[in-house]
Amino acid sequence: MFSDQIRDAISYFSKKGKIAFWILAVVAVALALVLPLTLPNSSLRKIVLTKDYQSGELADEDVYSPVTMSFLDEVRTAEIQRNAAMRILPIFTYDISGTFRTLVLFDDYITQIEIGSSDGARSLLGATYVDEHNVTPRLLSQSENPNRPLIIRLAREELERLMLTGVFSSQDLSNVRDDGYEEITREFLHPDTTITESHVSLSSLVTENDVSSSVLSSCVDYTTLSLSEGMLVSDLVSLFAKPNIMYDELETIKKREIAARDAGTEFVRISQGDLIIAKDTVITDRELRIIDEINQSRVNVDPLETIVNLAFLVAILSFTIVFLVFFIPYKARVPLYLMMFLSLLILTELFSFMIMSYSLAPDVNMPVDPILPVLFMPVFFALMTNKRRIGFTVGFVLAGFSVIYPTSTKFSFFYFLVIIESAVMFIRFGTNRIDMIYQALYSSLFVALVTVAFGILSAYTYQVIVQSVIVSVMNVIITYVAVSICLPITERIFNIPTVFRLQELSSSDSPTLNRLNQVAQGTFNHTRNVAEMSYLACREIGLNAELARVGALYHDIGKAEHPEYFIENQNGKNAHDMLTNNLSAAVIKSHVKLGVEKGREIGLPQEVLDIISEHHGNDIISYFYNEAKKNAQGTDITVREEDFRYTGNIPQTPESGIVMLADCVEAASRTLKNPNPQKYDRLIMNIMISKINYGQLSDSRLTLSDLFKVKDTFIRFLMGRDHQRIEYDK
């Protein structure tokens with residue numbers, strides 16, 4: 001059944017109407033996604049502090065993030081990369097070729113000493129090895145000393161030990177220590193000539209300045225050596241022990257750059273409403289940087305968030321449209337109402353963001369949610385369609401759209417939902433426009449209470465709550481003023497049967513009803529009774545009673561053209577006596593077509609015209625049909641049922657079905673002699689069963705439960721119409 005209603009509603013759309021519908025739907029969703037991006041520089045995205053805080057101060061306030069955003073913390077990233085680079089210790093590389101050259105040079109030097117060649121020894125030293133301590137003359141003078149071989153051997157061993165262990169430049173180690181390092185990464189030369197790295201402390205390393213003391217400490221173990229001989233060993237080793245492990249600055253820089261790159265970056269993710277600074281806590285540099293990034297940020301479009309918002313908007317809009325189609329009682333109005341819904345939704349979005357732009361200006365301090373124009377559409381649609389449920393549905397989509405508004409808080413959806421649904425709930429479909437004043441008053445009071453409640457939940461100050469109440473009440477008043485102006489204009493332009501329009505049409509002073517009263521008194525009295533019966537029955541089962549009343553009042557206006565052919569207007573003389581049965585049936589049927597034409601001429605809403613055209617459905621005019629068959633007996637005349645059948649559609653709405661039943665029951669009840677409730681009950685049941693058997697109520701959506709309630713209502717009315725009075729004396 002639900003899918004059938006959707007298909008029926010779609011069938012009323014023209015090709016151009018479908019295109020316009022999709023364009024409006026796409027625009028409505030697109031605006032909801034794009035318009036938030038028009039507010040990048042407003043105070044909505046700014047954090048305004050009460051004072052200019054410095055790092056280390058105590059905060060006087062709680063500071064929350066107004067937006068959801070992520071950004072690269074450049075300061076923290078630089079710190080992380082710097083720390084990662086600093087964890088790479090200075091790298092010292094081993095000069096293995098220089099080491100072996102030094103040892104070979106030492107051996108060649110000793111060879112020249114042993115053959116007594118002073119010039120050869122000096123030539124080997126060259127300019128690189130400066131003999132500051134006159135080692136060469138001293139060695140040559142030891143030619144007769146039996147300890148000279150020990151001196152040379154010990155010097156060779158100490159030099160080899162130091163060179164293989166590594167001699168560092170004191171200047172390199174001083175520079176490294178100045179950079180804050182107490183450890184380095186150095187290369188070790190193993191006996192198998194392989195080189196490995198390890199971390200060592202600076203205090204354990206030997207520099208060129210430490211060679212002499214290191215050698216002297218080793219010479220102490222040789223008791224056969226004198227002090228001068230030990231000094232000679234020390235000076236000899238110091239002459240050749242040059243730094244052979246050097247600081248590799250380029251390799252160190254390269255590895256530090258790699259470490260800094262691999263350390264990555266630090267992004268800060270802040271969600272809307274997150275606490276950035278807590279009151280009475282010490283403010284840090286990082287918190288100040290976050291505030292500065294938020295204040296300097298521009299709108300960042302998060303693709304994932306956009307996709308989620310798009311899916312949400314499409315889902316909630318689709319849900320609303322489907323339910324609107326289901327709830328709109330008159331399906332021919334579906335295209336019009338949906339176009340109006342989407343158009344007003346677009347206008348509401350535009351007005352909402354205009355108000356946000358003003359409210360979020362730096363020199364304006366006012367609450368945003370209470371002043372957004374979200375009440376107009378629900379109230380307008382509820383009054384226009386005479387259905388609160390349509391107002392509720394429209395209000396739901398507005399509350400849903402508010403979730404992605406930039407000003408939205410965690411309470412916004414519930415705030416909008418409560419004030420919208422309460423405003424719609426206070427609508428009473430009265431027949432006087434002054435009723436709207438009372439509705440506005442009740443809505444204002446309730447909205448004010450709701451605003452106070454949500455203000456307390458949001459921890460607003462007293463001043464902000466009072467301001468919110470004022471603007472929310474103004475919102476309600478402006479809404480009802482706008483509805484009071486727009487509703488009558490919309491009624492007239494689109495000929496919509498609102499309760500006010502129907503009340504105007506039901507006035508007996510209308511020219512059409514006045515003429516019917518003058519030329520067809522019986523028909524006029526009949527229509528008034530049918531109108532009252534239809535009104536009471538529709539009210540009993542919760543239908544549009546005013547529409548049924550107006551449809552019944554005008555359902556027989558076509559009889560005003562030929563009133564004498566209808567029995568309720570005849571005074572003993574039957575005009576049908578001069579006509580054939582076929583012609584009589586044609587005259588009777590014509591009042592439906594004439595009624596529709598007259599109704600269209602005077603501007604009746606289409607819903608009323610449909611009741612006029614459907615109040616007989618395609619039922620048969622049984623009296624003249626039976627008479628024609630009786631007269632045709634024994635002749636060659638063929639009586640066709642189609643000639644005696646109304647040409648209208650069967651009732652498509654429950655209101656139209658009830659008018660059909662009320663019309664038949666009111667007319668047939670005149671034929672009862674000495675009526676009582678039992679006779680009325682049988683009569684009405686027979687009429688209902690006949691209409692059901694002939695399929696006249698199959699599309700009216702009236703249930704058996706509805707029909708029983710209608711029957712009881714008709715009986716009460718007819719008993720009141722035909723009440724008995726006492727007989728007065730002559």
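The values are calculated or read from the model by the stated rules, or taken from the named source; none is laboratory data. Not measured: the values here are computed from a predicted model. Positions of Cβ are generated from backbone atoms using ideal geometry, with glycine treated the same way; all protein chains shown enter the neighbour counts. Just so you know, the surface numbers come from the protein's heavy atoms only, side chains and all, with ligands and any DNA or RNA stripped out. Shrake-Rupley method; radii C 1.70, N 1.55, O 1.52, S 1.80 Å.
Regarding L250, is this residue hydrophobic (A, V, I, L, M, F, W, C), without any contact (Cβ under 8 Å) to a residue 40 or more places away in the chain and open to solvent by 70 Å² or more (accessible area, probe 1.4 Å)?
Criteria met by L250.
In the list K573, K593, K589, which residue meets the criterion of being open to solvent by 10 Å² or more (accessible area, probe 1.4 Å) and touching a Ser or Thr at 6+ places or on another chain (Cβ under 7 Å)?
Of the residues listed, the single one that is open to solvent by 10 Å² or more (accessible area, probe 1.4 Å) and touching a Ser or Thr at 6+ places or on another chain (Cβ under 7 Å) is K589.
Pairs, please: C-beta under 9 Å, at least 6 apart or cross-chain, first residue in a strand (DSSP E or B) and in segment 66-90, second open to solvent by 30 Å² or more (accessible area, probe 1.4 Å) and of a type in the set (S, T, N, Q)?
M69/S271; M69/Q272; M69/N300; S70/N300; F71/N300; L72/T265
When the residues of segment 453-470 are filtered to those that are within 17 Å of V63 (Cα to Cα) and not hydrophobic (A, V, I, L, M, F, W, C), which remaining residue is surrounded by the fewest Cβ atoms within 10 Å (Cβ to Cβ)? Quick ask: steps written out before the conclusion?
Our first condition is that a residue be within 17 Å of V63 (Cα to Cα); within segment 453-470, this holds for 458-461.
Pick out the ones that are also not hydrophobic (A, V, I, L, M, F, W, C) and you get 458, 460-461.
Numbers: S458: 17, Y460: 17, T461: 9.
My answer is T461.
Residues that are assigned to a helix (DSSP H, G or I) and either at pLDDT below 80 or closer than 25 Å to S271 by Cα (or both): does segment 53-62 have at least one?
There is no residue in segment 53-62 that is assigned to a helix (DSSP H, G or I) and either at pLDDT below 80 or closer than 25 Å to S271 by Cα (or both).
Which one of these is among the hydrophobic types (A, V, I, L, M, F, W, C), in contact (Cβ under 8 Å) with a residue 24 or more places away in the chain and not in a helix (DSSP H, G or I): I113, I184?
Exactly one of I113, I184 is among the hydrophobic types (A, V, I, L, M, F, W, C), in contact (Cβ under 8 Å) with a residue 24 or more places away in the chain and not in a helix (DSSP H, G or I), namely I184.
Answer yes or no: is there a residue in segment 269-285 that is at pLDDT 85 or above, closer than 22 Å to S408 by Cβ and within 28 Å of the chain's Cα centre (by Cα).
no
State all residues of segment 504-540 that are open to solvent by 50 Å² or more (accessible area, probe 1.4 Å) and of a type in the set (A, V, I, L, M, F, W, C); if no residue qualifies, say none.
Within segment 504-540, just V519 meets the criteria.
Quick one: in segment 253-275, which of the residues that are open to solvent by 20 Å² or more (accessible area, probe 1.4 Å) and touching a Ser or Thr at 6+ places or on another chain (Cβ under 7 Å) is farthest from P66 (Cα to Cα)?
The selected residue is T265.
Is it fair to say K709 is open to solvent by 70 Å² or more (accessible area, probe 1.4 Å) and either more than 25 Å from D610 (Cα to Cα) or in contact with a Lys or Arg (Cβ under 7 Å, 6 or more places away or on another chain) (or both)? Break it down into steps so the answer makes sense when it comes.
Numbers: open to solvent by 70 Å² or more (accessible area, probe 1.4 Å): yes; either more than 25 Å from D610 (Cα to Cα) or in contact with a Lys or Arg (Cβ under 7 Å, 6 or more places away or on another chain) (or both): no.
Criteria not met by K709.
Is there a residue in segment 91-111 that is modelled with pLDDT of 90 or more, surrounded by 15 or more Cβ atoms within 10 Å (Cβ to Cβ) and under 60 Å from the mean Cα position of the chain (by Cα)?
yes
Mind listing whichever residues of segment 195-214 are in contact (Cβ under 8 Å) with a residue 40 or more places away in the chain, open to solvent by less than 70 Å² (accessible area, probe 1.4 Å) and either part of a strand (DSSP E or B) or of a type in the set (S, T, N, Q) (or both)?
Selection gives T207, S214.
Condition check ((1) within 12 Å of Y554 (Cβ to Cβ); (2) touching a residue at least 60 places away in the same chain (Cβ under 8 Å); (3) under 51 Å from the mean Cα position of the chain (by Cα)) across all residues:
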residue: N569; (1), (2), (3): no, no, no
residue: A575; (1), (2), (3): no, no, no
residue: L579; (1), (2), (3): no, no, no
residue: S584; (1), (2), (3): no, no, no
residue: V587; (1), (2), (3): no, no, no
residue: R600; (1), (2), (3): yes, no, yes
residue: G603; (1), (2), (3): yes, yes, yes
residue: E607; (1), (2), (3): yes, yes, yes
residue: I612; (1), (2), (3): yes, yes, yes
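Looking only at segment 428-450, decide whether some residue is surrounded by fewer than 17 Cβ atoms within 10 Å (Cβ to Cβ) and on the phi > 0 side of the Ramachandran plot.
no
Name the single residue that is least open to solvent (accessible area, probe 1.4 Å) among those in segment 306-347 being more than 15 Å from L398 (Cα to Cα), of a type outside the set (V, I, T) and free of Cβ contacts under 8 Å to residues at least 60 places away in the same chain.
Y337
Please go through segment 223-240 and pick out each residue that is open to solvent by 70 Å² or more (accessible area, probe 1.4 Å) and in contact (Cβ under 8 Å) with a residue 24 or more places away in the chain.
Answer for segment 223-240, where residues must be open to solvent by 70 Å² or more (accessible area, probe 1.4 Å) and in contact (Cβ under 8 Å) with a residue 24 or more places away in the chain: just T224.
Provide a single number: the residues in segment 541-566 that are touching a residue at least 12 places away in the same chain (Cβ under 8 Å) and surrounded by fewer than 17 Cβ atoms within 10 Å (Cβ to Cβ).
Looking only at that region, the number is 1.
Condition first: assigned to a helix (DSSP H, G or I), within 15 Å of G603 (Cβ to Cβ) and over 34 Å from the mean Cα position of the chain (by Cα). Now tell me which residues in segment 489-499 satisfy that.
Matches in segment 489-499: R492, I493.
Considering segment 116-152 alone, what residues qualify as being open to solvent by less than 80 Å² (accessible area, probe 1.4 Å), in contact with a Ser or Thr (Cβ under 7 Å, 6 or more places away or on another chain), free of Cβ contacts under 8 Å to residues at least 24 places away in the same chain and not small (G, A, S)?
T136
Between residues in segment 627-645 that are over 27 Å from V592 (Cα atoms) and open to solvent by 70 Å² or more (accessible area, probe 1.4 Å) and residues that are in a helix (DSSP H, G or I) and of a type in the set (G, A, S), which pairs lie under 9 Å by C-beta distance while being six or more apart or on different chains?
I637/A628
Let me spell it out: the conditions are (1) within 22 Å of N529 (Cβ to Cβ); (2) assigned to a helix (DSSP H, G or I); (3) at pLDDT below 85; (4) polar (S, T, N, Q), and N674 meets all of them except one. Which number is the exception?
If we test N674 against (1) within 22 Å of N529 (Cβ to Cβ); (2) assigned to a helix (DSSP H, G or I); (3) at pLDDT below 85; (4) polar (S, T, N, Q), just (2) comes out false.
Identify all residues within segment 475-528 that are under 20 Å from L553 (Cα atoms) and among the hydrophobic types (A, V, I, L, M, F, W, C); write none if there are none.
Within segment 475-528, I496, V499, F500, L502, L505, L513, L516, V519, A520, F524 qualify.
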